Amino acid sequence: MSIEITRRNFIQFLVGCVAGIHATPLPWKLTDDIAIWTQNWPWVPVPPVGEFTHVNSVCRLCPGGCGIKVRKVDERAVKIEGRTDYPLNPGGICPVGMGGLQLLYDETLRFPGPMKRVGPRGAGEFANISWEEALKLLNDRIARLRKEGRPQALAAVDGNPRRSTMSVMVERLLRAVGSRNYLNIPGAEDLSSMVGELMQGTEAPVAFDLENADYILSFGCGLLEGWGAPGRVLNAWGLWRSEPFKGKVRVVQIESRASNTASKADQWVPIKPGTETALALGLAHVIIKERLHDTRFVNDYAFGFNNWRSGYGKERMGFKEMVLKQYSPMRVAYVTGLNPDQIVSLAKEFARAKAPVAIFGKGKGNLSGSLYEAMAVHSLNALVGNINRPGGALVPEPLPLSSLPEVIPDDAARRGLEQGRLDQAGSWRYPFTRSLVNNLTEAILSASESPVDTLLIFSSNPAYTLPDGGAFRKALGKIPFLVSFSPFRDETALMCDLILPDHTYLEKMDDVAWPPGLQYPLYGVSRPVVDPLYNTKHAGDVIIHLAKGLGQAVGSAFPWKNYEEVLKARAKGLYEAGGGLTRFEEGQTPAWKMVNKASGSRPGYKSFDDMWKQIKGGGLWYKPSPAERNWEGLFKTPTGKFEFFSSRIELAFSRAAEKRPLQAVLKSMGVQQTGDEACMPHYEEPRLNVDRSAFPLQMVPYEMINLASDWIPNPPYLYKSLFDTQLLKDDSFAEINPKTAAKYGLKQGDLVMVKSPKGEVRVRLNLFEGAMPGMVYLPMGFGHTAYDEFLRGKGANPNDIVHGPKDPLSGYPIWWITPVKLVKV
């Protein structure tokens with residue numbers, strides 16, 4: 001007899017226990033039986049009798065880098081909770097972070113050691129091999145490519161955050177070998193960096209002083225779904241709803257679905273998906289027309305707000321004229337589905353707030369977004385002059401980590417580095433984009449033979465997470481040799497020829513270089529809380545070993561003995577920059593308060609070695625010094641000002657047009673506008689190139705805080721936190737509005753196929769008033785074909801049917817709009 005516990009049944013069971021506690025011992029018997037049953041789960045901690053201890057570290061399950069405290073009994077970890085002595089997330093932690101022990105101890109999720117494929121690709125049939133044999137296989141492969149004069153046939157797809165030391169190491173390995181084909185999985189932080197470069201002239205992503213804001217205008221950011229650093233944002237939300245801030249901070253959520261964030265916000269603005277750019281510019285129209293903008297900022301510290309003349313005397317259109325002519329509330333209402341009066345009211349509220357901030361980055365921020373949209377949203381911060389002001393958007397300098405010594409390529413590497421990138425990132429077509437995995441996929445699929453011979457995959461599961469309708473999986477089938485460094489038996493790893501498993505984040509030292517969106521510089525360092533459980537190795541150490549095995553030319557780029565030495569070498573820049581704290585005491589003034597006034601805190605170390613010792617022990621370096629509030633000299637753009645009209649975009653167009661017609665340049669970049677608007681944030685309706693009569697609905701993916709949708713597996717216990725209208729047995733649910741259901745003759749619980757031009761997935765239907773009519777909402781995080789019995793085969797993965805064009809200028813895939821139809825099973 002099998003026992004099935006759903007969240008609803010479990011709650012009903014608890015209520016029954018309370019009601020009948022004095023009448024019968026049955027509830028206690030059932031509770032005991034369930035406890036015995038759960039002990040058979042492989043991930044359930046069964047600690048020996050021993051001493052209770054705690055180890056402080058940093059969570060690295062997402063780029064947020066929250067501080068964690070791991071409770072241990074003897075040598076076994078038994079609980080993870082948020083640290084109260086960590087400034088980023090004082091005590092806060094998300095559900096996935098709390099479930100990290102399941103990812104450590106569930107042996108059915110992990111690789112026990114190095115392995116090589118012995119069966120068909122994707123079958124998951126591997127044989128154990130030694131580390132010596134595994135490293136020799138890869139060394140010989142790379143050495144052969146260099147000997148044949150094609151080192152550029154080595155490529156890497158890396159999920160580590162772009163500024164992390166592991167990202168630097170992977171890219172450095174490829175450069176030393178002779179390949180420019182390092183690809184980082186793009187996310188909202190990459191988009192934010194692009195906005196910072198084009199509008200502010202800085203390399204660092206835009207930061208947001210959320211805790212000091214009194215009006216948060218969120219364009220689809222999943223503040224309660226895991227956006228940014230989840231522990232930090234959840235803590236900020238608690239502050240906004242508590243004294244003395246209660247009733248003084250207004251949160252407005254702009255998105256088409258009534259998510260948790262939208263439902264708990266002070267105002268939900270249900271907008272047609274993909275029209276956020278138009279709304280932001282419509283708000284700008286009202287702010288300018290009503291003279292609610294900061295005239296001092298836009299006139300003295302901004303470029304391109306007013307009309308201007310070029311050096312050749314040509315009259316150029318500015319941001320003001322563009323939005324006043326083209327983005328009236330009436331026109332924007334038609335595009336977005338909103339009421340014109342609602343747009344006017346929203347604009348006035350935002351502009352009249354004391355410390356308003358507009359933020360961007362859809363969902364959790366794991367996936368990239370639209371460049372023009374992000375620029376349009378950030379323009380609102382500039383219009384009200386809330387740049388580098390309390391509660392506003394900040395212009396941060398890059399974290400002052402030391403650069404590693406320059407790689408000096410040998411002749412073989414130099415010839416490979418002369419070849420162009422396969423993804424065309426950084427080319428005239430995509431001048432500001434650093435990495436485009438979707439373009440790599442296209443390059444492989446369009447070639448008769450794969451231009452990639454050997455692909456290294458770090459901290460990512462692109463066969464599952466990329467919104468490409470399964471195209472990357474097809475591309476993997478053409479690559480001769482695939483190597484995964486994942487500790488987990490994920491979809492991508494199961495297709496690989498060689499497995500070199502990394503430690504999990506609880507078994508190794510690694511860094512977090514400035515969590516996304518944080519308003520002050522912070523450098524976190526995790527440390528092992530337990531010894532490695534299996535025969536795994538730190539991927540950083542493996543890279544060093546690989547490089548040295550490829551000979552002096554490559555090995556000389558990696559003079560360190562181990563990965564910790566690399567971390568220490570980079571951290572020296574923090575010491576040389578001066579200042580910075582390595583301790584945060586419970587009850588200390590919060591760092592977000594210290595940003596707005598001099599704290600008087602002094603570093604508690606006297607030398608670099610002393611500082612490094614403290615960082616290793618506490619996992620922390622941060623510098624909550626007051627932000628520079630003088631706009632003079634703040635911006636590093638070509639004009640030295642905040643740019644509504646991007647000089648760099650105009651320059652990119654001009655350079656590309658030297659060898660081809662400008663119209664052809666813009667078309668290749670995906671830009672529909674041909675005038676000055678192309679250099680400013682503007683709205684362009686995506687060209688889906690699909691017969692909409694055949695696919696009349698739109699599929700919109702969404703994320704949940706209790707479901708991992710990035711490269712890591714979901715802690716299995718979190719499935720018990722889902723409602724029966726999210727997952728029922730093996731079926732996940734699509735949310736549609738009851739009006740949509742009635743139009744197509746569908747009802748609650750129906751099994752349907754959601755079909756797009758790229759494929760189809762099977763789901764059940766949940767009729768939800770919070771779903772916009774005409775939309776089909778699919779949760780991300782389901783539909784695994786790998787891992788163990790608790791994750792495999794549960795629900796549908798919306799990435800399998802995503803069909804959208806590329807975002808103009810950036811080249812990122814548009815994943816938030818896919819034309820679909822529903823077919824009842």
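The values are calculated or read from the model by the stated rules, or taken from the named source; none is laboratory data. Nothing here was measured: the structure is a model prediction, and the numbers come from that model. All Cβ positions, glycine included, derive from the backbone under ideal geometry; neighbour counts span all protein chains shown. SASA here: full protein model, heavy atoms, side chains in, ligands and nucleic acids out. Shrake-Rupley method; radii C 1.70, N 1.55, O 1.52, S 1.80 Å.
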Dipole moment magnitude, nearest 20 debye, segment 254-374 about Cα centre, only Lys, Arg, Asp, Glu C-beta charged: 120 debye
Value of relative contact order over the chain, rounded to a whole percent, pairs C-alpha under 8 Å and six or more apart: 17 percent
Flagged links, alpha-carbon separation over 22 Å, of Lys572/Lys616; Lys364/Lys755; Lys593/Lys623; Lys743/Lys824; Lys364/Lys641; Lys136/Lys572: Lys364/Lys755; Lys364/Lys641; Lys136/Lys572
Net lengthening on full extension, Lys246/Asp731 (0.36 nm per residue, minus Cα-Cα): 170.6 nm
Residue-wise HN-Hα coupling along segment 279-293, computed from phi with Karplus coefficients 6.51, -1.76, 1.60 (Hz; x: Gly, Pro): 5, 4, 6, x, 5, 4, 4, 5, 4, 6, 4, 8, 6, 9, 7
Other-chain or far-sequence residues with amide H under 5 Å of Leu394's (modelled H): Ala207, Phe208, Asp209, Asn388
Cβ-based net charge around Lys79, under 12 Å, with every Lys or Arg adding one and every Asp or Glu removing one: +3
Cα centroid separation, segment 153-231 to segment 415-472 (Å): 18 Å
Where the chain is the region considered: accessible area per residue in Å², 1.4 Å probe: 39 Å²
Apportionment of accessible area to carbon and sulfur, segment 751-825, percent (1.4 Å): 51 percent
Local electrostatic count at Phe644 - Lys and Arg +1, Asp and Glu -1, tallied over other residues with Cβ under 14 Å: -3
Listed peptides 57-70, 633-646, 689-702 by packing density, highest first (mean Cβ within 10 Å): 57-70, 633-646, 689-702
Amide proton proximity set for Lys79, modelled H, under 5 Å, gap of 5+: Arg71
